[in-house]
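Accompanying notes for the structure given below.
The values are calculated or read from the model by the stated rules, or taken from the named source; none is laboratory data. This is a predicted model, so every value here is computed, not measured. Backbone-built Cβ (ideal geometry, glycine too); neighbour counts: all protein chains shown. Areas reflect the complete protein model, heavy atoms only, side chains present, ligands, DNA and RNA absent. Shrake-Rupley method; radii C 1.70, N 1.55, O 1.52, S 1.80 Å.
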Amino acid sequence: MERLKFKFKIKPGFIAFVLIAVVFKQGFFAFNYAIAVVLHEFAHYYVADKLFYHCKEIQVGLFGAVLYGDFQDVTPADRIKIALAGPCANVVLAVLCLALWWMFPESYYYSENFFTANISMACINMLPCYPLDGGRTLTGILENKFGGKSVEITKKITVVLSLCLFFVFVYSLIAKSPLFSLGLFAICLFAGVFSKGKECYVKTTFSQNRSRFLKKGMEKKTLVFNGSNTLRDVAKRMQGNFLYCLEVVDDNMEVVSRYSVAELEQFVITKPLDTKLSELKKVLA
């Protein structure tokens, strides 16, 4: 099995932000912000890896920890866990700063910017807007009830909130107290709804994780379907961190075909999902 490749990409907007900060003598804050962003992103990656997903690419952009992608292979529960990992990491880092100040008050001068960066990232990313972490969390919550429509619902909420923020920006102009950063943030949120990002997380296969499964131990489940069902029906039931095998039965509940974990996985990966189970090669043990 080909080894999955991992990419780490810093987008031009973030580089421009750092350069502008240096020009305006805010390089130290930019440095702390960059560290907070990277730790945020790798918190996402760490949780995804523990849940047996692979992050193909981490992108660091102007507004920090935003992972673009359709996330179609992620279960609702896993989607929430991965999304919350980044903000939770920032909160933990902020709490560590508070503990450091309590033990060593003189450290406040050196860690104040790092604390501010982490608190800001945690709060901004938990807004229920797509594609922020709060939006992905909301999508995971709605997914159990609304299915594939959950992303569209989250995007509509994002459009409404971004327009509200932009109206606040316009009002600030009228009140002669311009909030340019708020206006820029509103525009970026609105644009994010229509951006077409790459799929970031994909479920890794049994073959790729064989040694990890054997070391950690995994629970195996048997799915039972009639031959008139399709691979799509089976794939919908393959959720969570379990190993799945398949038994195809007739109308009398007699087993006519039985497939191992590896065989079922190959069927789901290589064959069209509308393939009927009765059309699969029968392997009755």
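Being closer than 21 Å to Glu143 by Cβ, aliphatic (A, V, I, L, M) and modelled with pLDDT under 70 is the requirement here; does Val47 meet it?
Working: closer than 21 Å to Glu143 by Cβ: yes; aliphatic (A, V, I, L, M): yes; modelled with pLDDT under 70: no.
No; evaluated as a whole, the condition is false for this residue.
If you go through region 107-122 one residue at a time, do you hit one that is under 24 Å from Ala43 (Cβ atoms), in contact with an Asp or Glu (Cβ under 9 Å, 6 or more places away or on another chain) and touching a residue at least 60 places away in the same chain (Cβ under 8 Å)?
No, because not a single residue in region 107-122 is under 24 Å from Ala43 (Cβ atoms), in contact with an Asp or Glu (Cβ under 9 Å, 6 or more places away or on another chain) and touching a residue at least 60 places away in the same chain (Cβ under 8 Å).
Could you identify the single residue in Phe169, Phe146 that is touching an Asp or Glu at 6+ places or on another chain (Cβ under 9 Å), assigned to a helix (DSSP H, G or I) and surrounded by fewer than 21 Cβ atoms within 10 Å (Cβ to Cβ)? Steps first, answer last, please.
Details: Phe169 fails: touching an Asp or Glu at 6+ places or on another chain (Cβ under 9 Å).
Among Phe169, Phe146, only Phe146 is touching an Asp or Glu at 6+ places or on another chain (Cβ under 9 Å), assigned to a helix (DSSP H, G or I) and surrounded by fewer than 21 Cβ atoms within 10 Å (Cβ to Cβ).
Identify all residues within region 118-139 that are among the β-branched types (Val, Ile, Thr) and surrounded by 21 or more Cβ atoms within 10 Å (Cβ to Cβ); write none if there are none.
Hits for region 118-139 are Thr137, Thr139.
May I ask you to list the residues in region 85-112 that are farther than 24 Å from Gly27 by Cα and crowded, with 21+ Cβ neighbours inside 10 Å?
Ala85
Can you tell me which of Leu223, Leu246, Leu273, Leu264 is in a loop (DSSP other than H, G, I, E, B) and within 30 Å of Lys50 (Cα to Cα)?
Values: Leu223 fails: in a loop (DSSP other than H, G, I, E, B); Leu246 fails: in a loop (DSSP other than H, G, I, E, B); Leu264 fails: in a loop (DSSP other than H, G, I, E, B).
When all the criteria are applied, what remains is Leu273.
I need the full set of residues from region 223-262 which are farther than 24 Å from Lys81 by Cβ, under 28 Å from the mean Cα position of the chain (by Cα) and open to solvent by 70 Å² or more (accessible area, probe 1.4 Å), in order please.
Arg232
State whether the residues of region 123-130 include one that is farther than 25 Å from Gly27 by Cβ, modelled with pLDDT under 90 and over 16 Å from the mean Cα position of the chain (by Cα).
For region 123-130, residues farther than 25 Å from Gly27 by Cβ, modelled with pLDDT under 90 and over 16 Å from the mean Cα position of the chain (by Cα): absent.
May I ask you to verify whether Ile153 is in contact (Cβ under 8 Å) with a residue 24 or more places away in the chain and hydrophobic (A, V, I, L, M, F, W, C)? I'd like the intermediate steps shown before the answer.
Values: in contact (Cβ under 8 Å) with a residue 24 or more places away in the chain: no; hydrophobic (A, V, I, L, M, F, W, C): yes.
So Ile153 does not fit the description; no.
Among Phe115, Phe190, which is part of a helix (DSSP H, G or I), among the aromatic types (Phe, Trp, Tyr), open to solvent by 40 Å² or more (accessible area, probe 1.4 Å) and under 21 Å from Ala85 (Cβ atoms)? Steps first, answer last, please.
Values: Phe190 fails: under 21 Å from Ala85 (Cβ atoms).
Of Phe115, Phe190, the one residue that is part of a helix (DSSP H, G or I), among the aromatic types (Phe, Trp, Tyr), open to solvent by 40 Å² or more (accessible area, probe 1.4 Å) and under 21 Å from Ala85 (Cβ atoms) is Phe115.
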